[in-house]
Structure formats: structure tokens, C-alpha cells
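What follows is a set of notes on a single structure, which appears directly below.
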There are 2 protein chains.
Amino acid sequence: MKTKVAAGIDIGGTKIALALETLGGEKTARRRIPTRVEIGGAAATVENIALALEEMADQSDGEIISVGIGCPSPLDIENGLVMSPSNLRDWDRFPIVRFFEERFDVPVALDNDANAAALGEFVYGAGRGCRNIVYITVSTGIGGGIILGGELFHGVAASAGELGHTIVQPDGGARCGCGSIGCLETICAGTHIARRAKEKLKGGAASLMTEIAGNIDDVTAETVVEAVRRGDETAMEIWDETCRFLAIGIANIVTLLAPEKVIVGGGVAGAGELLFAPLKKLVPQFVSMIPADKIRIVPAELAAESGVCGALVLAKKAYRKKHQTYEV
Amino acid sequence: MKTKVAAGIDIGGTKIALALETLGGEKTARRRIPTRVEIGGAAATVENIALALEEMADQSDGEIISVGIGCPSPLDIENGLVMSPSNLRDWDRFPIVRFFEERFDVPVALDNDANAAALGEFVYGAGRGCRNIVYITVSTGIGGGIILGGELFHGVAASAGELGHTIVQPDGGARCGCGSIGCLETICAGTHIARRAKEKLKGGAASLMTEIAGNIDDVTAETVVEAVRRGDETAMEIWDETCRFLAIGIANIVTLLAPEKVIVGGGVAGAGELLFAPLKKLVPQFVSMIPADKIRIVPAELAAESGVCGALVLAKKAYRKKHQTYEV
């Protein structure tokens with residue numbers, strides 16, 4: 001008899017992470033495949049995913065009993081649709097839930113990628129043992145997921161947790177892709193760290209960054225971090241501002257929700273102590289109503305796996321819901 | 001046989017509101033007494049409250065079965081203590097819960113005044129029929145309460161919901177009583193609206209406000225509102241800035257929590273449409289991820305009664321918890 005396995009799918013702009021897990025919690029297969037949005041769009045991509053999952057199940061003698069999907073926003077979760085995320089443009093209103101329901105004849109759950117990552121960290125990572133956490137991913141953009149009382153908090157139109165679009169610099173801030181001015185994302189997301197560095201360099205600031213990147217246009221957030229490590233003053237100015245505003249954004253969340261932990265993931269969190277040391281120092285300065293020792297800012301533990309781990313949790317929840325069982 | 005009644009106590013800096021309510025939901029008595037912090041401090045005040053409640057119960061032939069208390073922060077809810085609120089300074093660590101438990105031999109529940117008001121609006125006022133709401137009171141200071149899934153959300157150290165201390169003007173903002181710079185409260189609370197107006201007037205701005213108040217030092221938030229109604233340009237500048245930043249503060253809450261409603265109460269909300277018209281226009285401009293028609297900013301419905309109504313809810317919850325019953 002085949003082993004029952006839940007399937008997790010974490011869809012990114014360039015790669016898709018897949019995993020299978022038994023009811024007992026053992027991961028029996030993992031794989032990464034390219035998103036390849038240039039060939040065939042959504043239909044070709046989900047077909048690729050389905051084939052990969054079937055192969056993974058066959059090789060591990062598993063039977064897929066449910067599917068969980070983390071996917072970039074915007075989504076129509078109620079109707080199981082991927083709308084038109086900026087990095088999956090040709091997916092316009094693709095019925096991803098129905099596709100996998102019909103393909104595998106199993107229950108399927110969909111949530112946005114940041115919520116899935118929050119759930120992954122909550123169950124398998126830095127949030128283990130907590131009831132209330134906030135997960136924030138600082139990457140190309142800034143996203144987040146809020147878990148309260150052990151459950152993802154969705155809010156109206158399943159739109160809660162958009163931490164990157166809280167406004168922290170209303171006067172003199174940059175215009176965000178969302179239309180507002182001074183969103184946290186416009187200062188602290190990787191693309192905006194790079195933009196701010198480039199603007200400084202084009203303004204004539206002396207810096208190692210140009211040398212590290214080769215030329216100004218190739219400067220990235222990683223370039224800034226590397227230059228900070230080498231003691232470059234211009235890079236340190238950019239980085240200090242990044243840390244200060246990220247601390248304000250996190251402080252506002254802490255002041256509102258007083259979570260047990262704020263878990264920070266995403267590429268920019270790869271800067272490690274260069275980011276976490278200032279955050280741990282600054283956030284308590286910006287939060288007056290909670291004792292500093294109760295404020296915990298911690299790195300995500302699952303790195304690139306947060307999302308797919310969360311997708312597995314979604315899959316198991318979908319199975320439980322359908323079969324009204326607590327066996328998984 | 002006497003009628004079983006829950007007792008609600010809402011303690012303010014100058015007045016205390018009291019009410020009794022039957023298990024069937026009928027309010028049988030209401031009273032307001034002065035806080036009189038100058039005479040005898042906490043001990044004399046709670047004695048006054050107890051005597052008033054006993055008299056109210058006697059007159060309505062009621063038997064007090066539980067007590068709920070809303071009180072200014074900071075509190076130690078776990079241990080039932082009133083710490084040292086700025087408007088109840090001599091209450092330092094007063095064991096208010098134990099006092100009423102011993103006096104009436106009934107279960108007693110304590111929460112902060114903004115949380116109690118949130119609960120009052122949720123059960124009896126503008127939040128009826130919702131599951132997730134945020135209540136914000138804009139008064140001398142700015143406080144708030146968050147209700148998620150039908151329950152007050154407390155967070156670590158019962159400190160969630162301090163909306164007034166989210167930071168919205170980190171650069172160039174004023175220092176808040178809490179120590180941070182640029183808290184929402186430093187712009188939009190009544191005292192700070194008055195402070196900003198006085199600073200403008202002392203800087204030589206022409207305005208009706210001096211005439212309305214009699215002299216600059218007597219200008220209040222009400223003066224500003226009255227001058228706005230008369231078309232005074234200096235007052236309108238102050239008010240526009242107030243509305244803009246309050247909209248940003250509310251927008252950040254909406255972006256994080258996507259509540260069904262944001263309920264705005266407190267003295268400054270008494271400005272009515274002068275406040276709500278700009279908020280309804282501006283908040284959707286500052287929230288990109290939620291359709292404008294799903295964002296609902298509404299006035300509190302219970303005015304000065306929100307707090308005592310919430311205290312009654314706390315009392316009933318305490319009774320239910322003790323007696324493990326759902327009869328109330």
C-alpha cells in the first residue's frame with residue numbers, strides 16, 4: 001500500500017519549490033523546478049508542477065492526498081484564482097485550485113506566498129511553540145503574514161498582513177508601486193535599497209560600491225551589504241537608514257499586536273547580524289508600551305524552505321477539513 | 001427574589017460611570033460619580049464606587065453577581081492591579097480586583113479603558129454583527145482596542161492596541177510622553193491639536209482662534225474645530241494636518257489587519273463629519289491592497305457610554321467563566 005503524502009507547492013517568480021510529506025511528518029521528496037513563465041504561461045507551468053509531483057510521488061511510493069499552494073499576490077483565495085501578480089503576468093485569473101483538484105482529485109488550499117512562509121516558520125521554524133507571531137519577508141518587496149491564536153489571520157478580502165505597505169515616511173518619501181507615498185517597502189525592500197544607493201552614487205558620493213558591483217547600474221542590496229562589511233561610509237548611511245525605518249515598521253506592528261515574536265526572513269535578512277543587531281537595539285526604542293525583554297525579533301530559520309513548508313501545512317489543513325479528522 | 005445583575009465600572013480621570021444590567025440585557029441603573037482623586041486616593045474612590053453600586057442594586061432590587069472594570073493604563077491585568085496611570089497617580093499598584101472580589105464576593109474582571117470601550121462598541125454599538133474590529137479613541141490621548149474573532153486581542157503583557165503610539169512622523173515629529181518621536185498621539189490627540197494651534201498662534205499666525213478662546217493659552221481642540229467651522233484658515237491648516245495623519249495611522253492599521261470596521265470615538269470624534277468626511281476620503285488613498293468599498297470608518301455609537309457598556313460585558317464574561325455557563 002502506498003504512503004499517504006501531502007504535497008506543498010511554493011511558486012516564485014523564477015523557481016518553484018515542491019515537497020511531499022507523510023502524515024507522520026516525514027518529508028519524502030523535495031524538488032525545485034524553474035517557473036519558466038516565458039514558455040506557455042500558467043497552463044504549461046502547472047502542468048510541469050503536476051508532472052514533477054507525480055514523479056516525486058512515484059519514486060517515493062507515495063499517494064498524494066492533498067495539495068497546498070503558496071503563490072504571489074494578488075489572489076482570489078475564495079475562488080482559487082491567481083490574479084495577475086507582477087512576476088506572473090500571464091496568469092491572469094488562472095483557476096489554480098480547480099486545476100489541482102481535478103488533476104489529483106484531492107482537496108487543495110491556496111494562500112499567498114508570505115502567508116505560506118509565515119505558516120512554515122510557525123509550524124517548523126522560528127515560531128515553534130508560539131501562538132501569536134508576525135512574519136516579515138524583506139526581499140525584492142516586503143510582505144508578511146500574521147498568525148494569531150495559532151491560525152493565519154486573513155481579514156477582509158484576505159488582505160491582512162501587507163506590512164510592506166504601512167506608511168512610515170509620509171513626508172518626503174518615495175512613491176510606491178502601490179500608489180502610496182512612503183511605504184516601508186519604498187525604503188527597505190532590496191530593490192529600493194539598491195535604488196537609494198544608486199541615487200547616492202549618481203549624486204557623486206564616494207564609495208566602494210561602484211567597484212564591488214562593477215558599475216553603478218549593477219549595484220544591488222547585496223552590494224550595499226558587502227560595502228558595509230568593508231566599512232564604506234556611503235553604504236553605511238544607506239544601511240543605517242534601512243535599519244532605522246525597518247525598525248520603525250516593525251515597532252508599529254509590535255505596538256499594535258504585541259506578538260510573541262517577529263520573525264524576519266527574505267534575502268535582505270541574509271545580512272545576518274548586520275541587520276538583526278540594529279533591529280534588536282532600535283525596535284525597543286520605538287516601542288514604549290512593552291518591556292524591552294518581551295520584544296523578540298528573530299531570523300527566519302527555514303531560509304528558502306519557509307514557503308514550501310507552509311504549503312505543506314496548508315495541504316494538511318485542507319485534508320483535515322475535508323475528512324474532518326485530526327490524524328494529520 | 002432579587003434580580004441578578006452584572007455591575008460595570010468605567011473609571012476616568014474626572015468621572016466614573018457605573019451601570020447595572022440584568023442577565024436578560026436590561027440596564028436597571030446608571031450613575032456617574034466624580035473620581036475625586038484629591039481626597040483619599042484609591043481607597044476612598046473604590047469605597048465610593050462600592051457604596052454607589054450597593055445603593056443602585058438596592059434601589060432596583062438587584063443582587064450583584066459579577067463586576068467588570070475599565071480603567072486607565074498601565075494596569076497589571078494578571079494580578080488585578082492599577083499601576084500608576086498619569087491621571088490616577090496615587091493609585092500606585094492598587095489591588096482593585098481583590099477589593100471588589102472581597103467586597104461583593106463575586107468574580108471581577110479588569111481591562112484597560114480603551115479595551116473596555118472597544119468591547120462596548122462591539123457588543124452594543126457600531127461593531128454589532130462584526131467579528132473583527134479596531135476601535136480608536138481620539139481624546140486627550142489616543143488609545144485603542146482590537147477585537148479579533150469576537151474576542152479582545154491582548155498580546156504579550158496585555159499591551160496590544162496602543163494605536164496612539166504607532167510612529168507616523170519619524171522625521172521632524174514631536175517627542176511623545178512615551179519617549180518616542182512622531183507617535184500618532186503627538187499630532188492628533190486633543191492636547192496636541194491644541195499645542196500645535198498655540199504654537200502657530202504664538203508664531204504670529206492670524207486666526208479667529210484667539211478670539212474664540214479668549215486668549216492663546218486657553219485654545220483647545222474644540223477651539224480649533226469651532227474656528228474651522230467659521231472658515232478660519234490657520235485652524236484649517238491645523239485640522240487638515242490632523243486628519244491627514246489620523247488617516248495615515250488608521251490606514252496602517254487597515255493595511256495590517258483589514259478589519260471589518262474601524263470605529264472612531266473620543267472627544268475629538270465629536271467634530272463629526274468635519275473629521276469623518278476627510279477620513280473616509282483619505283484612508284482609502286493610503287491603503288492600496290484593499291478595495292475602497294471594503295474599508296469602513298465609522299463613528300462610535302455609544303459616546304461616553306462605550307466604556308461602561310464594555311465593563312458590563314467584562315462582568316458578564318467573568319460570571320460565565322466562573323460558573324461555566326452560557327446563560328448570560
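The values are calculated or read from the model by the stated rules, or taken from the named source; none is laboratory data. Owing to the predicted nature of the structure, the values given are computational and were not obtained by experimental measurement. Glycine gets a Cβ as well: all are built from the backbone with ideal geometry, and neighbour counts include every protein chain shown.
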Every residue from the stretch B:128-144 that is part of a loop (DSSP other than H, G, I, E, B), in contact with a Lys or Arg (Cβ under 9 Å, 6 or more places away or on another chain) and either closer than 19 Å to B:GLY249 by Cβ or facing another protein chain (nearest Cβ under 7 Å) (or both)
B:ASN132
Failed condition for B:THR191, given (1) among the β-branched types (Val, Ile, Thr); (2) surrounded by fewer than 17 Cβ atoms within 10 Å (Cβ to Cβ); (3) within 14 Å of another protein chain (Cβ to nearest Cβ):
(3)
Filtering the stretch B:231-259 down to residues that are part of a loop (DSSP other than H, G, I, E, B) and crowded, with 18+ Cβ neighbours inside 10 Å, which residue is farthest from the chain's Cα centre (by Cα)?
B:ASP232
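How about the stretch A:170-188: which of its residues are hydrophobic (A, V, I, L, M, F, W, C), in a loop (DSSP other than H, G, I, E, B) and touching a residue at least 12 places away in the same chain (Cβ under 8 Å)? I'd like the intermediate steps shown before the answer.
Quick first cut of the stretch A:170-188, residues hydrophobic (A, V, I, L, M, F, W, C) only: A:174, A:176, A:178, A:181, A:183-184, A:187-188.
Remaining after also requiring in a loop (DSSP other than H, G, I, E, B): A:174, A:176, A:178, A:184.
Across the stretch A:170-188, the qualifying residues are A:ALA174, A:CYS178, A:LEU184.
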Considering only residues that are of a type outside the set (Asp, Glu) and in a helix (DSSP H, G or I), look in the stretch A:104-118 and name the one that is farthest from A:ALA50 (Cα to Cα).
A:ALA118
Please enumerate the residues belonging to the stretch B:145-161 that are more than 8 Å from every other protein chain (Cβ to nearest Cβ) and either closer than 13 Å to B:VAL262 by Cβ or part of a loop (DSSP other than H, G, I, E, B) (or both).
B:GLY145, B:ILE147, B:GLY150
In the stretch A:164-179, what residues are within 17 Å of B:ASP171 (Cβ to Cβ) and facing chain B (nearest Cβ under 9 Å)?
A:THR166, A:ILE167, A:VAL168, A:GLN169, A:PRO170, A:ASP171, A:GLY172
Only one of B:ILE187, B:ILE146, B:ILE142 is hydrophobic (A, V, I, L, M, F, W, C) and within 30 Å of B:GLY25 (Cβ to Cβ); which?
B:ILE146
Residue set B:VAL313, B:VAL308; condition of a type in the set (Val, Ile, Thr), outside the structural domain of B:ILE187 (by TED's automatic domain parsing), modelled with pLDDT of 95 or more and farther than 19 Å from B:CYS130 by Cβ; output residue B:VAL308
Determine if the stretch B:44-52 includes at least one residue that is free of Cβ contacts under 8 Å to residues at least 60 places away in the same chain, within 14 Å of chain A (Cβ to nearest Cβ) and more than 23 Å from B:VAL5 (Cα to Cα).
no
Would you be able to say whether some residue in the stretch B:206-219 is in contact with a helix residue (DSSP H, G or I) (Cβ under 6 Å, 6 or more places away or on another chain), closer than 21 Å to B:GLY141 by Cα and within 11 Å of chain A (Cβ to nearest Cβ)?
no
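Taking the conditions exactly as written (closer than 26 Å to B:GLY164 by Cβ, part of a helix (DSSP H, G or I) and among the hydrophobic types (A, V, I, L, M, F, W, C)), does A:VAL283 satisfy them or not?
yes
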Within the stretch B:263-274, which residues are among the β-branched types (Val, Ile, Thr) and part of a helix (DSSP H, G or I)?
B:VAL268
Which one of these is surrounded by fewer than 17 Cβ atoms within 10 Å (Cβ to Cβ) and outside any loop (DSSP other than H, G, I, E, B): B:ALA277, B:ALA311?
B:ALA277
Determine, yes or no, whether A:LEU275 is closer than 17 Å to B:PRO170 by Cα, in contact (Cβ under 8 Å) with a residue 24 or more places away in the chain and away from every other protein chain (no Cβ under 14 Å).
no
Checked A:ILE263, A:ILE295 against criteria (buried (at least 18 other Cβ atoms within 10 Å of the Cβ) and either touching a Phe, Trp or Tyr at 6+ places or on another chain (Cβ under 9 Å) or in the same structural domain as A:LEU23 (by TED's automatic domain parsing) (or both)); the one match is A:ILE263
Here is a check on your reading of the model: is B:GLU55 assigned by TED's automatic domain parsing to the domain that holds B:ARG98, of a type in the set (Asp, Glu) and either in a loop (DSSP other than H, G, I, E, B) or crowded, with 18+ Cβ neighbours inside 10 Å (or both)?
no
Selected residue [surrounded by fewer than 20 Cβ atoms within 10 Å (Cβ to Cβ) and not in a loop (DSSP other than H, G, I, E, B)] from B:GLU121, B:GLU78, B:GLU101:
B:GLU101
Residue among A:GLU185, A:GLU199, A:GLU211 that alone is under 23 Å from B:GLY172 (Cβ atoms) and over 24 Å from the mean Cα position of the chain (by Cα)
A:GLU199
How many of the residues in the stretch B:29-41 are modelled with pLDDT under 95 and more than 21 Å from the chain's Cα centre (by Cα)?
4
Assess whether A:VAL228 counts as being within 14 Å of chain B (Cβ to nearest Cβ) and either within 30 Å of B:GLY179 (Cβ to Cβ) or surrounded by fewer than 19 Cβ atoms within 10 Å (Cβ to Cβ) (or both).
no
Go through the residues of the stretch A:174-186 one by one and say whether even a single one is in contact with a Pro (Cβ under 7 Å, 6 or more places away or on another chain) and not assigned by TED's automatic domain parsing to the domain that holds A:VAL46.
yes
Which residues, counting only those in the stretch A:213-227, are out of contact with any Lys or Arg (no Cβ under 8 Å at 6 or more places or on another chain) and outside any loop (DSSP other than H, G, I, E, B)?
A:ALA213, A:ASP218, A:ALA221, A:GLU222, A:THR223, A:VAL224, A:VAL225, A:GLU226, A:ALA227
Spot the failing condition for A:THR166; the list is (1) farther than 18 Å from B:ILE248 by Cβ; (2) in contact with a strand residue (DSSP E or B) (Cβ under 9 Å, 6 or more places away or on another chain); (3) among the hydroxyl-bearing types (Ser, Thr, Tyr), and only one is missed.
(1)
Say we look at the stretch B:213-224 and pick out the residues that are crowded, with 20+ Cβ neighbours inside 10 Å and of a type in the set (A, V, I, L, M, F, W, C); which of these is farthest from A:ILE248 (Cα to Cα)?
B:ALA213
Residues (more than 16 Å from A:ALA247 (Cβ to Cβ), within 14 Å of another protein chain (Cβ to nearest Cβ) and in contact with a Pro (Cβ under 9 Å, 6 or more places away or on another chain)) located in the stretch A:290-321
A:PRO291, A:ASP293
A:ASP90 passes all but one of (1) at the interface with another protein chain (Cβ under 9 Å from one of its Cβ atoms); (2) surrounded by fewer than 17 Cβ atoms within 10 Å (Cβ to Cβ); (3) over 19 Å from the mean Cα position of the chain (by Cα); which number fails?
(1)
